[in-house]
Amino acid sequence: MEKILEKIIHDNRDLINKGHVADYIPALSKVNPNYIGLSIADIDGNIYNVGDCNVKFTIQSISKIIALMLALIDNGEDFLFTKVGYEPTDEPFNTLYKLDFNKNKPANPMINSGAIVTTSLIKGSKEEKFSRLIELIRFITENPDINYNEEVYLSEKSTGHKNRAMAYLMKSKGLLNGDVEDILDTYFKQCSIEVTAADLAKIGLFVARRCPMNIDSKIGNERMASIITAIMTTCGMYDFSGQYAATVGIPSKSGVGGGILGLIPSKLGIGVFSPALDKFGNSIAGYGIMKDLSRELNLNIF
Ligand code: GLN
């Protein structure tokens, strides 16, 4: 298995030169673009790590899965989806374009506006929200050392004007309860949580195992896993989600830190890390790796 994975990494390494690390968040522009790592954790307890699997990077948009989990746990499905949609969008992840139309709410929880809504729906003060987010990640990954990157958090907080604009727009439409700056603060901080490709594979496996946890919740674990997997499939790779589904066929979520989390229900979780991005904000080598992995291991769910 490791041999196959090593070859996949080797075959896709050159793609790094065609992408660019995110620089709209200034602290992210300092990341070394040459990292590349792939981790798989399967349901039988096997873990395969190749390349830079233990290098930390910021989780960014992949945190949207964790925020969605907690928002579902606290509010249940029916209420949550009065504030955010189930539908994919052909707009980029940071769009606010259609938000101002009529009674529109964010298209889905995997774009920034939708995630700002799910973060707002997590119960508790801003400190409690963040502590529940990070504790859930620590629990799922069995990694108590997970923490956030202060520099990336402050960098995004001081430059995230578009996220701020969409949050205030949503506040004006009654979509956000609570103090807008507090909600944004939690959102920026959750995006700056540091994980490794190996951690991402474990989060993928957790959802693949149908979210096994014993927690007071307004939604069943099985239903939560089903919603998350469906929305990852239709919306997880932003405005590239359709082509990604057709060419890879693995429910996935990416982040501008260069991570991609994938999962095959009841089988395995995948974590990929390579920070150079394509024009959609997805890891460019990560996409190539996922395509090859899908073919080599026959993982396409469609
Ligand atoms: N923190 C990033 C932002 O809000 C997350 C976006 C992403 O990973 N696509 O822009």
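Key figures for this structure:
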{"item": "Candidates Asp292, Asp239, filtered to the one that is part of a helix (DSSP H, G or I), within 12 Å of the ligand (Cβ to nearest atom) and touching a residue at least 60 places away in the same chain (Cβ under 8 Å)", "result": "Asp239"}
{"item": "Residue match in the stretch 114-121 (condition: at pLDDT 95 or above, closer than 14 Å to Gly236 by Cα and in contact with a Cys (Cβ under 8 Å, 6 or more places away or on another chain))", "result": "no"}
{"item": "Failed item in (1) open to solvent by less than 10 Å² (accessible area, probe 1.4 Å); (2) at negative phi, with Gly76 passing the rest", "result": "(2)"}
{"item": "Qualifying residue in the stretch 26-33 (condition: within 16 Å of the ligand (Cβ to nearest atom), assigned to a helix (DSSP H, G or I) and small (Gly, Ala, Ser))", "result": "yes"}
{"item": "Cβ pairs under 8 Å, 6+ apart, first in the stretch 12-35 and open to solvent by less than 100 Å² (accessible area, probe 1.4 Å), second of a type in the set (S, T, N, Q) and away from the ligand (no atom under 16 Å from the Cβ)", "result": "Ile16/Asn34"}
{"item": "Restricting the stretch 79-97 to residues that are away from the ligand (no atom under 16 Å from the Cβ) and assigned to a helix (DSSP H, G or I), the residue that is most open to solvent (accessible area, probe 1.4 Å)", "result": "Phe79"}
{"item": "Condition broken by Gly45, with the remaining ones in (1) out of contact with any Asp or Glu (no Cβ under 9 Å at 6 or more places or on another chain); (2) touching a residue at least 12 places away in the same chain (Cβ under 8 Å); (3) part of a loop (DSSP other than H, G, I, E, B); (4) more than 13 Å from the ligand (Cβ to nearest atom) satisfied", "result": "(2)"}
{"item": "Residues of the stretch 224-235 satisfying the condition of being farther than 13 Å from Ile301 by Cβ and within 13 Å of the chain's Cα centre (by Cα)", "result": "Ile228, Ile231, Cys235"}
{"item": "Among residues of the stretch 154-198, those that are assigned to a helix (DSSP H, G or I), within 18 Å of Leu261 (Cβ to Cβ) and open to solvent by less than 10 Å² (accessible area, probe 1.4 Å), counted", "result": "3"}
{"item": "Which listed residue, of Leu28, Leu70, is modelled with pLDDT of 95 or more and either under 25 Å from Glu296 (Cα atoms) or under 21 Å from the mean Cα position of the chain (by Cα) (or both)", "result": "Leu70"}
{"item": "Residue count for the stretch 98-142, restricted to those that are within 13 Å of the ligand (Cβ to nearest atom), β-branched (Val, Ile, Thr) and assigned to a loop (DSSP other than H, G, I, E, B)", "result": "1"}
{"item": "Members of the stretch 143-153 found to be open to solvent by 70 Å² or more (accessible area, probe 1.4 Å), closer than 16 Å to Phe130 by Cα and either modelled with pLDDT under 95 or part of a helix (DSSP H, G or I) (or both), listed by number", "result": "Glu150"}
{"item": "Given (1) open to solvent by less than 30 Å² (accessible area, probe 1.4 Å); (2) among the charged types (D, E, K, R); (3) part of a loop (DSSP other than H, G, I, E, B), number of the condition Lys64 does not satisfy", "result": "(3)"}
{"item": "Residue match in the stretch 167-182 (condition: more than 30 Å from Asp100 (Cβ to Cβ) and modelled with pLDDT of 95 or more)", "result": "no"}
{"item": "Count of the stretch 1-11 residues which are in a helix (DSSP H, G or I) and touching a residue at least 24 places away in the same chain (Cβ under 8 Å)", "result": "7"}
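The values are calculated or read from the model by the stated rules, or taken from the named source; none is laboratory data. Note that this is a predicted model, so its numbers are computed, not measured. FYI the Cβ positions are ideal-geometry reconstructions off the backbone, even for glycines, and counts take in every protein chain you see. Side chains are part of the model used for accessible areas, which takes the heavy atoms of the whole protein and leaves out ligands, DNA and RNA. Shrake-Rupley method; radii C 1.70, N 1.55, O 1.52, S 1.80 Å.
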